[in-house]
């Protein structure tokens, strides 16, 4: 019981962060001047149009990842599909993403996105191992 509460808490935190980053992506899409926190900090201010449109699939993917994490840990009840392999794929993706953020030339991306991605990585890893 205690283990389940810990795993669900971690998954909830990870899902909230993933949803928050999805909102960040939507704000970038609509022209928020935070380009230095994405795309390796290559663009300061508002992202170029092509890159802004790439934020839409990123936001959708992040919301789907949050949903899978919540379903996998039984926070949301939905037996639509098996989530075990998806959580492992998400864990690997977030591991690579965290390393990429940590290696970014952008100080903002390293300081903000690396810890957020790392927390999501740990959330997925806990869910993958203990569920």
Exposure proxy check on 89, 71: fewest-to-most Cβ neighbours within 10 Å is 89, 71
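Inverting the mean 1/r over all pairs of different Cα atoms, compute the Kirkwood radius of the chain and quote it in Å.
15.0 Å
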Expected sort for 123, 106, 117, 9 with the fewest Cβ neighbours (10 Å cutoff) up front is 9, 106, 117, 123
Taking 43-55, 93-105 and ranking on average Cβ neighbours within 10 Å, highest first, one gets 93-105, 43-55
In whole angstrom, the spacing between the Cα centers of the range 80-108 and the range 10-77 equals 12 Å
Most exposed to least, judged by fewest other Cβ atoms within 10 Å, 81, 130 sort to 81, 130
Quick calc, residue 23 & residue 50: beta-carbon distance into FRET formula, R0 22 Å, rounding 0.05, result 0.55
The helix 114-130 Cα axis meets the longest alpha-carbon principal axis of the chain at an angle in degrees, between 0 and 90 and rounded to 10, of 20 degrees
Calculated from DSSP helices alone, with each H run of at least 4 adding -39500 (n - 2.57) and the total divided by the residues of the chain, [θ]222 nm to the nearest 500 comes to -23500 deg cm²/dmol
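The numbers here are math on the coordinates, done by the rules we state, and not lab data. In this text, all values refer to a predicted model and were calculated from it rather than measured experimentally. Positions of Cβ are generated from backbone atoms using ideal geometry, with glycine treated the same way; all protein chains shown enter the neighbour counts.
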